[in-house]
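Undergrad: Below is a structure I'd like to ask you about.
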Amino acid sequence: QVQLVESGGGLVQPGGSLRLSCAASGSTFRINDMGWYRQAPGKERELVATVRRIGITVYADSVKGRFTISRDNAKNTVDLQMTSLKPEDTAKYYCNARSQLTSYWGQGTQVTVSS
């Protein structure tokens, strides 16, 4: 089993920045990909960004150039640096870790972009 704990959400004005962090514990050796997803009210959960153990990253088109995902394999953490935030980025953000067979989720952290 893998446990994921997120931190760093909050309220920020449009154009502002936030950094989300996720720490994994448990059977972390099983993890291949780590990433962030988000879900806004009334919408489906969507990919924000992922990073493979070897460092390959994938971003949603809506966040390219504004968000940066980073991973520390030694510490089993994945961070999401979010800049130039827009109201449409408002959502609950979930950390995700994938092994060959299983996908693990954190409890989520709320990000609200509003003036």
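Coordinate-derived values only; no laboratory data. Because the structure is a prediction, the values reported are computed rather than measured. Positions of Cβ are generated from backbone atoms using ideal geometry, with glycine treated the same way; all protein chains shown enter the neighbour counts.
Undergrad: What ³J(HN,Hα) values, in whole Hz, does the Karplus curve 6.51 cos²θ - 1.76 cosθ + 1.60 give for region 2-9 when θ = phi - 60°, with x put for Gly and Pro?
TA: The phi angles translate into 10, 10, 10, 10, 9, 8, x, x Hz.
Undergrad: For Lys86, list the lysines whose Cα falls under 28 Å from its own Cα; do not include residues on the same chain fewer than 8 positions away.
TA: Within reach: Lys43, Lys64.
Undergrad: Tally the DSSP beta bridges in the chain and give the antiparallel ones as a percent, rounded to 5.
TA: Here the share of antiparallel DSSP bridges comes out near 95 percent.
Undergrad: Enumerate the whole-percent occupancy of each 5 Å bin, from 0 to the last occupied one, for all C-alpha pair distances of region 1-50.
TA: Spelled out bin by bin, region 1-50 gives 5, 14, 20, 25, 21, 8, 5, 2 percent.
Undergrad: How high is the relative contact order of the chain? Use alpha-carbon pairs under 8 Å, at least six apart in sequence, and give a whole percent.
TA: Relative contact order comes out at 37 percent.
Undergrad: Could you work out the percent of alpha carbon pairs in the chain separated by over 25 Å, rounded to a whole number?
TA: Percentage above 25 Å: 16.
Undergrad: Still on this structure: How many angstrom separate the Cα center of region 1-35 from the Cα center of region 37-88?
TA: 9
Undergrad: Another one. Could you tell me the calculated FRET efficiency between Ser62 and Gln100, based on Cβ-Cβ distance and R0 = 41 angstrom, to the nearest 0.05?
TA: For Ser62 and Gln100, the calculated efficiency is 0.90.
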